[in-house]
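The values are calculated or read from the model by the stated rules, or taken from the named source; none is laboratory data. None of these values were measured; they are calculated from a predicted model. Neighbour counts are summed over all protein chains in view; Cβ atoms, including those assigned to glycine, are modelled from backbone coordinates with ideal geometry.
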Amino acid sequence: MTGTPAVEVRSVRMVYGSGPSATFALDDVGLTVEPGRFVALIGPSGCGKSTLLRLVAGLEQPERGDIRVHGVTPAEACAAKLIGLVPQSPALLPWMSVLRNVTLPQKVNRRAAARRARIAGLTGRQPPAAGPDMRELLRRAGLGDVARKLPGQLSGGMRQRVAIVRAFGLRPDVLVMDEPFSALDEFTRESLQDQLLDLWEESETTVLFVTHSVTEAVRLADTVVVMASGPGRIVEGIEVDLPRPRRGQLLGERRFHAYEDLIRDRLRRAWHHDAA
Ligand SMILES: Nc1ncnc2c1ncn2[C@@H]1O[C@H](COP(=O)(O)OP(=O)(O)OP(=O)(O)O)[C@@H](O)[C@H]1O
């Protein structure tokens, strides 16, 4: 018997605008993500990756179709604090220190816990244990020295790292991340990829992760979902059957490059189809 999927998207259409200027950001999109899976979404600019994340996170409503998170609507999942979102640009509270920004959402409210208890699709999943040590997470993200500073005193990349640490601290059941590492230098990016994988492995969180980097997708994901635009749609889901942890020597091996080549080929096809 299979349980309730962590994320289920069925026949979703999302249109912006109307008449001749309408944009079909997504059309007939279906995606099922089992609990604990790491899914990367990749595709040409404008193919609807962010739109799909926003729909799953309950920030927008689809024009058609249905979305469920652990069997309930995104709005219900948000109210029970099942979903953590790291947007493309960090939304921090400017008047609070870095430390307060990351610890504030940890204070799980009782109403959310009660709502969580009523969600049958979570059967078997433990509620998040006591939150992690946020000072330690900040330190590991290279932010130990700026814990008392205000967001306005940090660089853009540092602010993004704060937003990522904050999402980690929530221990969400479903973590939705929109190109979270794109603005970071390579060293910080790899360090945060490792932290994300550690968190994912220990908490059995389900991750939906948008990236433009083929290497990042192969390094992180169980499944790489390739999308195309005009209208935005899913063209293929590629299972990445490589051992974990995926670091060091493995990244230079032929089997790793074979997945990169396969995904690049599918992206090229999606791009040519769009351009045709
Ligand atoms: N609020 C909006 N109003 C109008 N059109 C929008 C809106 N948000 C997105 N779109 C359009 O919907 C389509 C999909 O946008 P979306 O941001 O989801 O794509 P994306 O794949 O995430 O792109 P990128 O890789 O460039 O971030 C695009 O054509 C975009 O212009």
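For the reader, a short list of remarks on this structure follows.
- Pairs are defined by a Cβ separation below 6 Å, a sequence spacing of at least 6 or placement on different chains, a first member in segment 1-22 that is at pLDDT 95 or above and buried (at least 19 other Cβ atoms within 10 Å of the Cβ), and a second member that is in a loop (DSSP other than H, G, I, E, B) and among the acidic types (Asp, Glu); the pairs so defined are PRO5/GLU34; MET14/GLU63.
- Within segment 86-105, one or more residues are among the polar types (S, T, N, Q) and within 18 Å of the chain's Cα centre (by Cα).
- Summed over segment 23-35, residues that are more than 16 Å from the ligand (Cβ to nearest atom) and either surrounded by fewer than 19 Cβ atoms within 10 Å (Cβ to Cβ) or not aliphatic (A, V, I, L, M) (or both) total 4.
- Looking across segment 59-77 at every residue that is farther than 21 Å from GLY237 by Cα and surrounded by 20 or more Cβ atoms within 10 Å (Cβ to Cβ), the one that is farthest from the ligand (Cβ to nearest atom) is identified as VAL72.
- Residue match in segment 101-117 (condition: among the basic types (Lys, Arg) and at pLDDT 85 or above): no
- Options GLY58, GLY46, GLY36: the member that is in a loop (DSSP other than H, G, I, E, B), more than 21 Å from ARG171 (Cβ to Cβ) and small (Gly, Ala, Ser): GLY46
- Taken over segment 186-222, the criterion of being farther than 18 Å from LEU250 by Cα, hydroxyl-bearing (Ser, Thr, Tyr) and not in a loop (DSSP other than H, G, I, E, B) is satisfied by THR188, SER203, THR206.
- Every residue from segment 245-276 that is out of contact with any strand residue (DSSP E or B) (no Cβ under 9 Å at 6 or more places or on another chain), modelled with pLDDT under 90 and not aliphatic (A, V, I, L, M): ARG247, GLY248, HIS272
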